[in-house]
1. Can you tell me the FRET efficiency between residue 19 and residue 146 if r is taken as the Cβ-Cβ distance and R0 is 25 Å, rounded to the nearest 0.05?
2. Roughly how many Å² of residue 187 are accessible to a 1.4 Å probe, to the nearest 10?
3. Using C-alpha positions alone, give me the convex hull volume of segment 1-56 per residue in cubic angstrom.
4. Could you compute how much accessible surface residue 67 exposes when probed at 1.4 Å, giving the result in Å² to the nearest 10?
5. What fraction of the Cα pairs in segment 128-188, stated in percent, has a spacing above 13 angstrom?
6. Taking trypsin sites (Lys or Arg not before Pro) as exposed when DSSP calls them loop (any state but H, G, I, E, B) and at most 15 other Cβ atoms lie within 10 Å, what is the longest stretch of the chain free of them, the sites themselves excluded?
7. Need one number: convex hull volume per residue for the chain, Cα atoms only, in Å³.
8. Dividing the alpha-carbon Rg of segment 1-95 by 2.2 N^0.38 Å yields what?
Amino acid sequence: MNFLEERIIKDGLVKSGNVLKVDSFLNHQMDIALIEEIGREFKRRFGHKTISKVMTIEASGIGIAAFVAKEFGVPLVFAKKSKSINIDGEMFVAEVESFTHKNKNQVIVSKKFLHEGEHVLIIDDFLANGCALQGLISIAESAGAIVEGCGIVIEKGFQIGGRVIRNMGYHLESLAIVDAMDAENGSIVFRAQD
Ligand code: 5GP
């Protein structure tokens, strides 16, 4: 088991509805030493690529992506969730359905902060059905940026997102892939990785 899998076993809680709660160390209270380590691990996995910008989605992606951006020495831009239907032409827009909240948000990135030819690394905390990631990919590509890779902290491998994104041909790295989990007895099974 890697450092993250060990932490998930220690402090993660399996909830009904296929939800894994990691809010004691990842996306509510944050263990900064762990998140620094996550930043270094993404640098190790994507360091051979040219990355000029890290991209994520608010809110829980930001704290993680910040450490990745620091490792690469590049800016971080995050997509904002916007309820407004009155979006002017200065924004890239995608529609994203939230797995946890079951609602739809328009997510936006200002055209000032994403440009043609930029080499983007997309980071998020979870991958479930892939909606958030597909929204970010679509924003990056409408800007004419190159998606060099997608880095996910926890992929739920029993949901379709990972398969869809890999089948689309993107380089997707997930630090922990949960292949099965059970809310009844709290068990978690990880996919073996190199
Ligand atoms: P997707 O768009 O891939 O269906 O879901 C990804 C988003 O939903 C992530 O940005 C994350 O915020 C949230 N999410 C999905 N599954 C879980 C989960 O099991 N636990 C937590 N805490 N968040 C999740």
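The values are calculated or read from the model by the stated rules, or taken from the named source; none is laboratory data. Keep in mind that this is a model prediction, so the values were computed, not measured. Counting neighbours? That spans all protein chains shown, and the Cβs are built from the backbone with ideal geometry, glycine included. Each accessible area value is taken on the protein alone, full model and side chains, heavy atoms only, with ligands, DNA and RNA left out. Shrake-Rupley method; radii C 1.70, N 1.55, O 1.52, S 1.80 Å.
1. So the FRET efficiency works out to roughly 0.15.
2. Residue 187 exposes around 50 Å² with every protein chain in place.
3. About 117 Å³ per residue, rounded to a whole number.
4. 50 Å²
5. 64 percent
6. That would be 103-190.
7. Dividing the Cα hull volume of the chain by its residue count gives 109 Å³.
8. 1.28
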